[in-house]
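Contents: one structure, followed by commentary.
The values are calculated or read from the model by the stated rules, or taken from the named source; none is laboratory data. No experiment lies behind these values; they were computed from the predicted model shown. Methodologically, a virtual Cβ is constructed for each residue, glycine included, from the backbone with ideal geometry; neighbour enumeration extends over all protein chains shown. Side chains are part of the model used for accessible areas, which takes the heavy atoms of the whole protein and leaves out ligands, DNA and RNA. Shrake-Rupley method; radii C 1.70, N 1.55, O 1.52, S 1.80 Å.
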Amino acid sequence: MNLRTGVKILCALGSRKLFHYFRYRLTLWSGLARLREERAGKAIDSSLGAARFVPLAGFDFSAIRALASPNRARAIESADEIAAGFYRPYRSGARTPLLFSVFCPGQHWSRVRAPRNGDVKDLWEAARFSWAEDLARGWTLTSDVRYPTAFGAILNRFLQENPPFSGVQALSAQETALRLIQVALTVSVFSAGREPFPDPVLERMARCAAERILTTRDYAIAQNNNHWLSEAAGLMTVGAIFPDGSRSERYFRTGWRDFQSALKAQLLPDGEYVQYSANYHRFALQLVLWVNFLLQQRGMTWPMELILPLRRSIRKLSAEVDSWSGGANNVGHNDGALLFAFGSPFGDYRPTLQACARVFFGRPFFAPGPWDELGVWLRAQPLPESLIGVEFPVSYLDRTALRLERADGWASLRAVAFRRDRPAQSDQLHVSIWAQGKPIVLDPGTYRYNGAAGFENRLKLASLHNGLVIDDIEPMTDAGKFLWLDWRSARILEAGTATVMAEHFAYRSMGATAKRRLSRADTGWLVEDSVRSDSNAVRTTRINWLLPEAPVEFLIENGKIRARFAAFSLCLCVEGERVLGIGATLLRGGKVFREIGAVRPIPWEAAALMGWFSPVYATLLPAVSLVFTVAASGRFTLRSDFRLDVRPRRENG
């Protein structure tokens, strides 16, 4: 690493985060983390039984049963699957034995190193206990004692195999917090109506979880992402379920203070979430719903200063969501995080938005449906009129979501100003198109962070998104698996009801600028990319359109490239005074299967990653990448004309 790169990294991370990170590292290096937790563990063991478990209250079981009844058979089937010892990783995987990974169980977590050849998220997935809500739903619908019995047996097995503060399951304080939230909710459902009672096993788990979170609180603050929110919510959970514990009030107050600080730092002025990810945005809002539920237990509410940022954040996420299906643009990292599903598929964002809208707007965003169930579980009732009845100012901050509507679907143009934290994926000017509840222009997603040769977070590249790349140069500097340097913000030029336009300045240093216009057309959508180069140098400009896997007819005629799919067609052309050649490449699953026109080869590193789509973490599906290539100089405009509802054509590739 040279001095210039080092300075850029320091600037990208910021002094505050570096301070907390180095303090965290010092805690590990000095052994203070281990010594602190050893003392805490002894103190906890010597005082077990002093605190009583207070079940969280407010569940409307009759309303839950009414909402879940149309899918009663599936809910019971899912609960039976868990009771039989199976679950589905990342809420969408294949049926898998419910076993907990035991890795370095006798070592303090600070000395544990996750295996390099695998994905540590796979080791953590079962231990998140996200499957527990299926047992809670099954119990609510049937009162079958098999479900609480199975849960108790699985929880005891986990605690026996994974002692506090040791092994891979204690490596992440966030995982510890998320596990505790799920356990607290599930045990509260099974214990509904009971008076507070001592539970030494759960008390030990909760208090040890709180101490584990406090040990690396500096790390959570340094990350300034969902770690900080999750761990703060975990501390509040301990204080809520064991309110008469000796340190419970401190846990709750520290968690509540941290949660508010995290929201203030992570909700950007226009409502964007600091991680620039739809999935993480939803995850953050689900944590908000959980904290709202905990606040209700104590008769507390939200401060006025957070209401407007939360409302903007809810609206911002809704601009990424399809109202027909509840699916969302797959922008940013998608690591499969989902705190609560309650019967909805992973890809449905309506439950979260519906519950948040009821709390912070006092009204639902969607018509009644199964997606109302999450709000009933977490008692998503409107905040007092004194908080949400206030007229909030409307400004340009409420018009940064570049979305256009048609009767049969919608499209969006991504334009983000990176101000407060590092971006996750290089997706400026990315276009997504939806038709009749389905995406027809895709975002590649994430697939895996680790353990997938060649794919470890590589789907973040601009060349894989539906944007524009000049001379095969990535707009930002890739400085690591989770770090971009030289952030390239975008500027909104037009935000109308029929046309939106933005530009970014990634290629200004080489004398080139790029603007993208997205317009609603009578037959579909028109995307126009205007490139201007100040020099006479010939530029190779590429646009990668990632499209669903389907048969495609592909040809070039009259200087235009046409691709016909079952439900739409795409016409590509270029206008300019000095256009030297055009061409296109079709790729499927990382392999080229058709080329036409004058095509400059795509760099093999990028080509191997094209034609793939990851709808959820650890799932990789083949798709079609249509890469439009233009060699030109001066000023020129690339046009991509999407025409919908085309009759099926014969397969030709």
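Just check the stretch 36-97 against the gyration tensor rule for me: Cα atoms, a ≥ b ≥ c as the square roots of the eigenvalues, rounded for a/c under 1.5, and otherwise prolate or oblate depending on whether a/b exceeds b/c.
Numbers: a/c = 3.69, a/b = 1.66, b/c = 2.23.
Oblate shape, in that a/c is at least 1.5 and b/c is the bigger or equal ratio.
Let me have the 222 nm mean residue ellipticity of the chain computed from DSSP H runs of 4+ only, each contributing -39500 (n - 2.57), with the sum over all residues rounded to the nearest 500.
Values: 19 runs with 230 residues, N = 653.
For the chain, the value works out to -11000 deg cm²/dmol.
With a 10 Å radius around each residue's Cβ, average the other Cβ atoms per peptide and rank 392-401, 162-171, highest first. Write down the numbers at each step before the final one.
On the way: 392-401: 12.8, 162-171: 22.0.
Top to bottom by mean Cβ count within 10 Å: 162-171, 392-401.
Which angle from 0 to 90°, rounded to the nearest 10, does the C-alpha axis of helix 248-266 make with the longest principal axis of the chain?
The answer is roughly 10 degrees.
Please work out the FRET efficiency for the pair Gln107 and Ala479, using the Cβ-Cβ distance as r and a Förster radius of 30 Å; give the result to the nearest 0.05.
On the way: r = 31 Å, r/R0 = 1.04.
Here the calculated transfer efficiency is 0.45.
Taking the highest mean first, how do the peptides 246-253, 109-116 order by number of other beta carbon atoms within 10 angstrom per residue?
Per-residue Cβ counts within 10 Å, averaged per peptide and sorted highest first, yield 246-253, 109-116.
Restricting to DSSP loop positions (anything but H, G, I, E, B) with no more than 13 other Cβ atoms inside 10 Å of their own Cβ, which GluC sites (Glu not before Pro) remain in the stretch 296-397? Let's see the in-between values first.
Numbers: sites: Glu305, Glu320, Glu373, Glu385, Glu391; in loops: Glu320, Glu391.
Loop-located and lightly packed - Glu391.
About its Cα centre, what dipole magnitude does the chain give when the only charges are +1 on Lys and Arg Cβ and -1 on Asp and Glu Cβ, stated in debye to the nearest 20? Please report the intermediate quantities before stating the final value.
Values: 82 positive and 63 negative charges, 210 e Å.
Dipole of the chain, to the nearest 20 debye: 1000 debye.
Between rounded, prolate and oblate, where does the stretch 257-378 land on the alpha carbon gyration tensor, with a ≥ b ≥ c its root eigenvalues, rounded for a/c under 1.5, else prolate if a/b exceeds b/c? Present the calculation step by step, with values, prior to reporting the outcome.
Details: a/c = 1.56, a/b = 1.16, b/c = 1.34.
Oblate shape, in that a/c is at least 1.5 and b/c is the bigger or equal ratio.
How large is the dipole of the stretch 460-501 about the Cα centre if only Lys and Arg carry +1 and Asp and Glu carry -1, each at its Cβ, rounded to the nearest 20 debye?
Working: 4 positive and 6 negative charges, 43 e Å.
Dipole magnitude for the stretch 460-501 comes out near 200 debye.
From the phi angles alone, apply the Karplus equation (6.51, -1.76, 1.60; θ = phi - 60°) to the stretch 437-445 and give each ³J(HN,Hα) in whole Hz, x where the residue is Gly or Pro.
Rounded to whole hertz, the list is x, 10, x, 10, 10, 9, 9, x, x.
Measure out, as a whole number of angstrom, how far apart the alpha-carbon centroids of the stretch 34-75 and the stretch 593-624 sit.
The distance from the Cα centre of the stretch 34-75 to that of the stretch 593-624 comes to 45 Å.
Quick query: amide H of Gly336 versus all other amide H atoms, modeled in the peptide plane; which residues come in under 5 Å with a sequence gap of 5 or more or a different chain?
Under 5 Å from the amide H of Gly336 lie the amide H atoms of Tyr617, each far enough along the sequence or on another chain.
What residues qualify as long-range amide H neighbours of Gly327, i.e. H under 5 Å apart, gap of 5 or more or another chain, H built at 1.01 Å from N?
Correct list: Asp322, Tyr349.
Quick one: in the stretch 112-215, what % of C-alpha pairs are over 23 Å apart?
On the way: 1568 of 5356 pairs.
So the portion of pairs separated by more than 23 Å is 29 percent.
Report, in degrees rounded to the nearest 10, the 0 to 90 angle that the Cα long axis of helix 278-297 makes with the longest principal axis of the chain.
Approximately 30 degrees, to the nearest 10.
Per residue, how many Å² of accessible area does the chain show with a 1.4 Å probe? Numbers along the way, then the final one.
Details: 25990 Å² over 653 residues.
Heavy-atom accessible area per residue stands at 40 Å².
Tell me which aspartates and glutamates have Cα within less than 19 Å of Lys438's Cα, excluding those fewer than 8 residues away on the same chain?
Qualifying aspartates and glutamates at Cα under 19 Å: Glu320, Asp322, Asp348, Glu405, Asp408, Glu549, Asp641, Asp645.
What shape does the stretch 413-489 have by the C-alpha gyration tensor, where a ≥ b ≥ c are the square roots of the eigenvalues, rounded means a/c under 1.5, and otherwise prolate means a/b greater than b/c and oblate the rest?
Oblate shape, in that a/c is at least 1.5 and b/c is the bigger or equal ratio.
Would you kindly state how much longer the chain becomes between Cys11 and Arg65 on full extension, computed as 0.36 nm times their sequence separation minus their alpha carbon distance, in nm to one decimal?
Stretched out fully, the Cys11 to Arg65 stretch lengthens by 14.2 nm.
Once neighbouring chains are kept in place and the probe is 1.4 Å, which whole percent of the accessible area of the chain is contributed by carbon and sulfur? Before the final figure, lay out the partial values.
On the way: 13650 of 25990 Å².
Solvent-exposed carbon and sulfur of the chain make up 53 percent of the total.
Specify the angular offset, from 0 to 90 degrees and rounded to the nearest 10, of the alpha carbon long axis of helix 132-142 from the longest principal axis of the alpha carbons in the chain.
Between the helix axis and the principal axis of the chain, the angle is about 70 degrees.
What FRET efficiency would be calculated for the residue pair Arg298, Ala498, taking the C-beta separation as r and a Förster radius of 45 Å, to the nearest 0.05? Intermediate values should be presented prior to the final figure.
On the way: r = 49 Å, r/R0 = 1.09.
After rounding, the FRET efficiency stands at 0.40.
Between Tyr21 and Glu575, what is the spin-label point distance in nm, taking each point 7 Å from the Cα along the Cα→C-beta axis?
4.7 nm
Given charges of +1 on the Cβ of Lys and Arg and -1 on the Cβ of Asp and Glu, with all other atoms neutral, how large is the dipole of the stretch 1-156 about its Cα centre, in debye to the nearest 20? Spell out each step's value before the answer.
Values: 24 positive and 13 negative charges, 213 e Å.
It works out to roughly 1020 debye.
Would you give the gap between the C-alpha center of the stretch 447-522 and the C-alpha center of the stretch 157-213, rounded to a whole Å?
A separation of 42 Å, based on Cα centres.
By how many nm would the segment from Phe86 to Ala537 lengthen if fully extended, with 0.36 nm per residue of separation less the alpha-carbon distance?
On the way: separation 451, 0.36 × 451 = 162.36 nm, distance 6.01 nm.
Full extension from Phe86 to Ala537 adds 156.3 nm.
Picking from Ser69, Gln223, Ser30, whose Cα lies most toward the positive end of the charge dipole for the chain (charges on Cβ: Lys, Arg +1; Asp, Glu -1)?
Ser30
Given R₀ = 30 Å, what would the calculated FRET efficiency be for Arg194 paired with Asp45, taking r from the Cβ atoms and rounding to 0.05? Show your work: numbers first, answer last.
Working: r = 25 Å, r/R0 = 0.85.
That gives a FRET efficiency of 0.75.
In whole Hz and in residue order, list the ³J(HN,Hα) couplings for the stretch 382-399 that follow from phi through the Karplus curve 6.51 cos²θ - 1.76 cosθ + 1.60, θ = phi - 60°; x for Gly and Pro.
With the stated coefficients, the stretch 382-399 comes to x, 5, x, 4, 5, 9, 9, x, 6, 6, 8, x, 9, 9, 4, 5, 8, 10 Hz.
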